[in-house]
1. What pairs come up if the first residue lies in region 668-685 and is over 19 Å from Glu649 (Cα atoms), the second is surrounded by fewer than 15 Cβ atoms within 10 Å (Cβ to Cβ), and their beta carbons are under 6 Å apart, counting only those six or more places apart or on different chains?
2. Just the residues that are of a type in the set (D, E, K, R), part of a loop (DSSP other than H, G, I, E, B) and in contact (Cβ under 8 Å) with a residue 24 or more places away in the chain, please, taken from region 107-138.
3. Filter region 252-264 down to the residues that are touching a strand residue (DSSP E or B) at 6+ places or on another chain (Cβ under 8 Å) and surrounded by fewer than 20 Cβ atoms within 10 Å (Cβ to Cβ), then identify the one that is farthest from Arg334 (Cα to Cα).
4. Could you list, ordered by first residue, the pairs with Cβ atoms under 8 Å in which the first is in region 584-602 and farther than 14 Å from Ala616 by Cα and the second is among the basic types (Lys, Arg) and modelled with pLDDT of 90 or more, at least 6 apart or interchain?
5. Hey, among Ala566, Ala625, Ala552, which residue is at pLDDT 90 or above and surrounded by fewer than 18 Cβ atoms within 10 Å (Cβ to Cβ)?
6. Filter region 334-383 for residues that are outside any strand (DSSP E or B) and within 47 Å of the chain's Cα centre (by Cα) and give the result.
7. Can you find, within region 23-75, the residue that is farthest from His313 (Cα to Cα) among those that are small (Gly, Ala, Ser) and modelled with pLDDT of 90 or more?
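The values are calculated or read from the model by the stated rules, or taken from the named source; none is laboratory data. Predicted model, so just to flag it, every value in this text is computed and none were measured. Quick reminder, even Gly has a Cβ in these numbers, built from the backbone with ideal geometry, and neighbours come from all protein chains shown.
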Amino acid sequence: MALSTLRANAVGDWETCGDSFYSRELLYDPMLWEGMDLQTKRVCCSSCGGPIATMRDEQGVTLVAVGTSTQPVVQIFSSSGVELGSFLWESRGRLAGWGWTPDLHLVVVEDTGRAALYTLHGRKARELSLGAAVEAQGVAAVAVQPHALAVLTKQHAVWVVGGLDEGVEAPARPPVRVADPPLPETPALGRIQMVLLEPQFSMQHTPEVLLGTGSSIWQLDEVSCVEHPLAELQSSVATCTVHIMRLSPNGAFVAIFTVDGRLIVVPSDFSRQLSEFETQADSLPLEVEWCGSDGVVVLWPGLLLVVGPYGDHASWALSDEEKVVLVPEIDSMRLVMSGRHELLRKVPAPLAEVFRPGSTSAGTKLWDARELFEANDARCDKALRQLGASLKDAVTMCIQAAGAELVPVLQKALLRAAAYGLAFCCPAYPPHVMHAMTHKLRLLNTLRGEGVGMPLTMAQLDALGIAAVVARLLAQHQWLLARRIAASLRFASPALMAPTTELLSDDPSHTHIGGGAVSTLPQPTVPVASAAALEELVLLRWACAMISAFAAGTTNARTDVELKEALMTKLKPCPTFRYAPLAAHAQSVGRRRLAIKLLEEESSCALQVPLLLSLATRPAKKTGAPAQIDADPEAGEDALVRALRKAIESGDTNLVLLVMFHIYQIRPLQEFWQLVSSRALARNLFLKYCRAKEPELLQTLLATTGETVELADLQVSCALSAWAAAHETQAAEQPQLNALIASLSDAAQKYATSREHTFKSRAMSSLATLKREQARIEADTGHHLLVGLSLADTVMQLIRLNHHKHAAGLKRTFAMSDRRFWWLKIRALAEGHDWDGLDAFAAEKKSPIGWEPFLEVARKHGAPRDVQARLISRQPDSSSKAEQLAALDCTREAAEVAARLRDNALLGRISGMVSATSPAGLAIAQIKERVTGYGFGR
């Protein structure tokens, strides 16, 4: 088809609305549902090409076939009419309101105050609590937003529940009550309009509720209630009443339709009026909704009216007998009817710039140049040269227009025009732009297919993000397509994950390209995952669904081995796949043997061990029965033993402790210790923990298993620790001492059972005897200073206290050697400065340690000169003795020693230490004469 013909067909259905164009484009015709009549249904559609929920309208008259249930059935379809699931409405209450969450859960609120979330396939995901007050008062109105919902009770109390998008596993948030509006008992026309502003749209960043009733709108939050009379928001002075009130998709504006036919648009903070349009209609509209965020659609029977920002409008005729459901989108509106599905939107600026009749934009000129090129017309070169510096903008505009176009033929034509200009564009133009746009268009065209039924625009794809699109496909069980999209991202340019407006601009803030305005779109609401993580998510969800199907019996039965082999054919090519979550799902649906087999493929012990623990049942501890494990003959060991082995192999001590405590809770004590004691790491960790935290448990354990030596070690440690703690707090009394002595004696007997620990047995026996003797001596002497001291310190303390008899008694009791006893005694006497006692002790009998230690301790502790001299004099004569006496100025005594030694040189040195005329010098001279008279020194 010629490009001129394509261009004419592209603008054939456009309608002008001021300076803009609006178009109605067919998405699906016919719809794939059969026999569907929306006239008798209540319909709830999800945004961004999401699913459609229908239910019989209980307020209308519906023919029911004989033999069928009279209870309503909620059916869920894709946007193309493919049935995804259904469920029977079994509640006694009526439907008060419903809506969709971002993860495609259907939120259903009953007038009884009960609410629930359902999956696309009709399974109840979880109950939603609105509070006892709501259930008691009943629901009068409901407003559902993607992340929260608000309810108005029949007694005019308003409650808000958030966290609808947090997943079915997240704990439910408690309902929050906002300020009560002073509503009349019977509002005008018996109809209350309610709008919920989520925190991201509120100036206070808290939920706000707008209630339209009568001639006022009430703005409510948790602490305030503000009235906005309609008279202040309109240009006329006539009193009017709110009929319909709607919030724009971006949360910035509120559209109000009054009963006198006026359409008023105000900011969501009601600071001023933005526009007012008089429809001059004779009847009230069926519905009012936003088309993007810059157009409002009003629906009457047989007429569809679009009102622009400045009062410009466009209209289309509809069938009077056909029900039309308006579905607002961030950039457009979908029109759902019984037989077809359409898209109403403001023509995107790049598309309008290229195809608008009479346009002279750069994109149009590039389109014309491509048309001439395909017609083999030489003027194409001239047309291309005339673009000059605007060629880059022309290429960008054509690429943008291709992204905004829904018809594949026009997409290809626009991309061919862009490719023609790109060949002559400057080298600095981003090379990945064309590839990324082509990839996105292929994705969008696939999603718009009837089998998938997800008619997204480029703006909606950018707002959602590819990760969210894949999540939606998984919710619809479109496994193969989701896998292909995720796998294709591994080799795609990173620019593919970026929004189109950012992709086509060197400056992210750039909003005008080639003269065409490009509206700034919401950023992705779902975090962009890596391609590998996205592919793993797809495989995991597919495998879980496959296991669930076999567990539920919906498919032919397979053994665990067969099912694992079938799964591994798809999972093995993904080397980073984590099998622990899949094994957990297999366990949750009753395939425990399969869970164990899948865990064999898991490489992370941190993920593997906790699940192995959960595979063991938990019997009552008092029964002593072992945990019952789903036996696996091929494994050769139960789940608990395997978990302990894997934890030890990982080297993670916290993981080992986790396993041990789990085994301790479910296995008898003796069996537990048999498992732990044979593994060094586990055994040491458990012993360390028990010594620090639960010594009584360790004593019980060792006593049960008959490990007397280790029990004795622990018994001694605990006994001494308890005594030390009591002694520090001055709470040590005779009962505590008796308990310590008994524990030590008992430990000595336990050590005696092993030949290798004879020394420990004797040491504990001696320690018990020492404590007993210390207590007896304290009782005899009245000095409470001995218990807790060592034997040496006890002996020294008794000597300091002059209880030499008791000290000698301890020497005999513990067979202390003479040398050791003498050392202890002279140290104690010297430390106590008992010089008389030290001198008397030296005179008792011959010292077994010699006389030097006496002098050493005396000098160390500052003994007087005369004491040191007496101690030196007890030594046998030697040159050292003479020098020591001389050092104490006992030169005469030193000379006598030297004379007896007949050491003339020593005597000469001593005489040189004093003056010859001093008494000492004269005495030494006499000694020298006497020695000389005997012929000494000749």
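1. Close Cβ pairs satisfying both conditions: Pro668/Gly624; Leu669/Thr704; Gln670/Thr704.
2. Asp111, Arg123, listed by residue number.
3. My answer is Val259.
4. Leu594/Lys564; Lys597/Lys564; Leu598/Lys564; Glu602/Arg578
5. The unique qualifying residue is Ala566.
6. Once the filter is applied, which keeps residues that are outside any strand (DSSP E or B) and within 47 Å of the chain's Cα centre (by Cα), region 334-383 yields Met337, Ser338, Gly339, Arg340, Val347, Pro348, Ala349, Pro350, Leu351, Ala352.
7. Ala53
So that you can scan it fast, the table gives a plain yes or no per residue for (1) basic (Lys, Arg); (2) in a helix (DSSP H, G or I); (3) in contact (Cβ under 8 Å) with a residue 12 or more places away in the chain; (4) buried (at least 16 other Cβ atoms within 10 Å of the Cβ):
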| position | (1), (2), (3), (4) |
| --- | --- |
| Phe821 | no, yes, yes, yes |
| Ile826 | no, yes, yes, yes |
| Ala830 | no, yes, yes, yes |
| Lys846 | yes, no, no, no |
| Ile849 | no, no, yes, no |
| Ala858 | no, yes, yes, yes |
| Ala882 | no, yes, yes, yes |
| Glu896 | no, yes, yes, yes |
| Val914 | no, no, yes, yes |
